[in-house]
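Before we start, here is the structure in question, set down as structure tokens.
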Amino acid sequence: MKIVVLDGYTLNPGDLDWSDLNALGEVTIYDRTPAELIVERARGAEIVLTNKTVLGEVQIAMLPDLKYIGVLATGYNVVDINAAKEKGIIVTNIPTYGTRSVAQMVFALILEFCQHVQKHSDAVVSGDWSSSIDFCFWNYPLIELADKTIGIIGFGRIGQQVADIAQAFGMQVIGYDQYKSDQTSRKNFRWAEFDELLASADFISLHCPLFPETKDFINKTTIAKMKKTAFLINTSRGPLIQEEDLANALNTGIIAGAGLDVLSVEPPKDHNPLIGAKNCFVLPHISWATKEARARLMEIAVDNIEHYIKGTSVNIVNK
Ligand code: NAD
């Protein structure tokens, strides 16, 4: 069975082992695949694995042997799942590998706004403490999280893990989701409508998938509903945010800051307005990339294929 990995490098830059996958068939692993080589490289393969290489309707139509697309990520917006379904191609994702790592990153970003660790350490290195007349100093406001409110948009696996951590900090949690899971045992939690969440939260964290209806749903109208002191965190997908609108809001003080692990185009073009915007941290899409999470991802990707081979596919996203 021919298996092609189109873009394996970010999953395994060399610190993990592909041998479990290699045992499943005739495997070819490419570090990266430019758009113009997708069809040529995937031709003849029954199984194609992709992380961020786009498999749209056009590519799928040109790959008659393709029966299974394994997305090496949770978000599967890089695959046209409907086009795949029409051709009878199973598409799977990896739903749980990164839940804890992504939630941890949300708090790395939130705590950066609350404590400014790097900036204060830099000030010490540059001599500001040695020359201080007091025993301590701080250059930026310090914020305690207890009793602050976090609004979580998309209360699925990662959203709920973020809520667990927020609760350990003593925060109040508001959730918004189309599907209201049972949260009756959760303390300091309530569901809210979208606008109410925007208006009441001190920190807003995005955890819903990218769908046509969620694209650009953070825009100048919705940002205007947030508190002037609010911080926006996005570790989900860049296109959830209208980037010009957020950059303008940050630069004019409509909200206090943004911590972003994802952008609409990755890697970004030089002119992305959020890079360098006021009080904006942009990270290069690394929430998922702890070694522990990547190792789990690889294990689940292999397990998904083993299930497919046995005819008992799991984690299908285009049923
Ligand atoms: P999940 O499916 O468990 O949760 C998503 C939640 O969003 C669900 O509860 C769903 O009901 C809700 N939702 C769907 N449409 C909605 C809408 N229109 N409005 C409000 N809520 C809506 O997924 P998850 O594991 O929590 O992952 C969430 C997202 O995180 C993924 O889709 C992916 O894009 C992103 N992610 C990013 C990284 C990273 O490295 N930055 C890593 C993993 C996942």
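Can you tell me the orientation of helix 99-115 relative to the chain, as the angle in degrees between its alpha-carbon axis and the longest Cα principal axis, to the nearest 10?
The angle comes out at about 20 degrees.
Please determine, in degrees from 0 to 90 and to the nearest 10, the orientation of helix 291-310 with respect to the longest principal axis defined by the Cα atoms of the chain, where the helix direction is its Cα long axis.
30 degrees
Measure off 7 Å from each Cα along the Cα-to-Cβ vector at Lys228 and Asn188, then give the distance between these two points in nanometres to one decimal.
Those two pseudo-labels are separated by 2.7 nm.
Is region 99-282 best put as rounded, prolate or oblate by its Cα gyration tensor, with a ≥ b ≥ c the root eigenvalues, rounded for a/c under 1.5, and otherwise prolate when a/b is larger than b/c, oblate when not? Walk me through the numbers before you get to the answer.
Working: a/c = 1.94, a/b = 1.32, b/c = 1.48.
Since a/c reaches 1.5 but b/c is at least a/b, the shape of region 99-282 is classed as oblate.
Sticking with this one: Report the Cα-based extents of region 207-313 along its three principal axes, largest first, to the nearest Å.
The Cα atoms of region 207-313 stretch 56, 28, 25 Å along the principal axes, largest first.
Taking 0.36 nm per intervening residue step and subtracting the Cα-Cα distance, what contour gain separates Glu86 from Glu144 on full extension?
On the way: separation 58, 0.36 × 58 = 20.88 nm, distance 5.18 nm.
Between Glu86 and Glu144, full extension yields an extra 15.7 nm.
Just check the chain against the gyration tensor rule for me: Cα atoms, a ≥ b ≥ c as the square roots of the eigenvalues, rounded for a/c under 1.5, and otherwise prolate or oblate depending on whether a/b exceeds b/c.
Working: a/c = 2.00, a/b = 1.74, b/c = 1.15.
Prolate shape, in that a/c is at least 1.5 and a/b is the bigger ratio.
Report the calculated FRET efficiency for Glu244 and Ile316 (r = Cβ-Cβ distance, R0 = 41 Å), to the nearest 0.05. Please list the in-between numbers first.
Details: r = 37 Å, r/R0 = 0.89.
That pair, Glu244 with Ile316, gives E of 0.65.
Could you tally the net charge around Gln115, taking each other residue with its Cβ under 14 Å from the Cβ of Gln115, Lys/Arg +1 and Asp/Glu -1? Write out the running numbers ahead of the final one.
Numbers: positive: Lys119, Lys148; negative: Glu112, Asp122, Glu144.
Local charge sum for Gln115: -1.
Grab the beta carbon distance between Asn251 and Gln178, set R0 = 30 Å, and tell me the FRET efficiency rounded to 0.05.
Numbers: r = 32 Å, r/R0 = 1.07.
For Asn251 and Gln178, the calculated efficiency is 0.40.
Give me the dipole magnitude in Debye, nearest 20, for the chain about the Cα centre, with unit charges on the beta carbon: positive for Lys and Arg, negative for Asp and Glu.
On the way: 29 positive and 38 negative charges, 106 e Å.
Around 500 debye, computed over the chain.
Of the listed peptides 97-109, 71-83, what is their order by residue-averaged count of other C-beta atoms within 10 Å, with the highest listed first? Could the numbers behind the result be given before it?
Working: 97-109: 21.9, 71-83: 20.4.
Top to bottom by mean Cβ count within 10 Å: 97-109, 71-83.
Need one number: nm distance between label points at Ser131 and Asp65, each 7 Å from Cα along Cα→Cβ, rounded to one decimal.
That separation, rounded to one decimal, is 6.9 nm.
What number comes out for accessible area per residue over the chain if the probe is 1.4 Å? Units Å², please. Kindly include the intermediate steps, with their values, before the conclusion.
Working: 15720 Å² over 319 residues.
On a per-residue basis, the chain sits at 49 Å².
At a Förster radius of 35 Å, what calculated FRET efficiency corresponds to the Cβ-Cβ distance of Asp195 and Ile275, to the nearest 0.05?
Details: r = 29 Å, r/R0 = 0.83.
Efficiency computed from Cβ-Cβ geometry: 0.75.
Something else now. Spin-label point model (7 Å from Cα, Cβ direction): what's the Asp303 to Glu57 distance in nm?
My value for the distance between the label points is 3.5 nm.
Now for a different question. With the cut-off at 1.5 for a/c, could you classify region 187-270 from its C-alpha gyration tensor as rounded, prolate or oblate?
oblate
I would also like to ask the following. For a protection proxy built on the mean count of beta-carbon atoms within 10 angstrom, sort 112-125, 207-220 highest first, please.
Numbers: 112-125: 14.1, 207-220: 16.7.
Put in order of decreasing packing, that is 207-220, 112-125.
The values are calculated or read from the model by the stated rules, or taken from the named source; none is laboratory data. If you're wondering where the values come from, they're calculated on a predicted model, not measured in any experiment. All Cβ positions, even for glycine, are placed from backbone atoms using ideal geometry, and neighbour counts span all protein chains on display. Just so you know, the surface numbers come from the protein's heavy atoms only, side chains and all, with ligands and any DNA or RNA stripped out. Shrake-Rupley method; radii C 1.70, N 1.55, O 1.52, S 1.80 Å.
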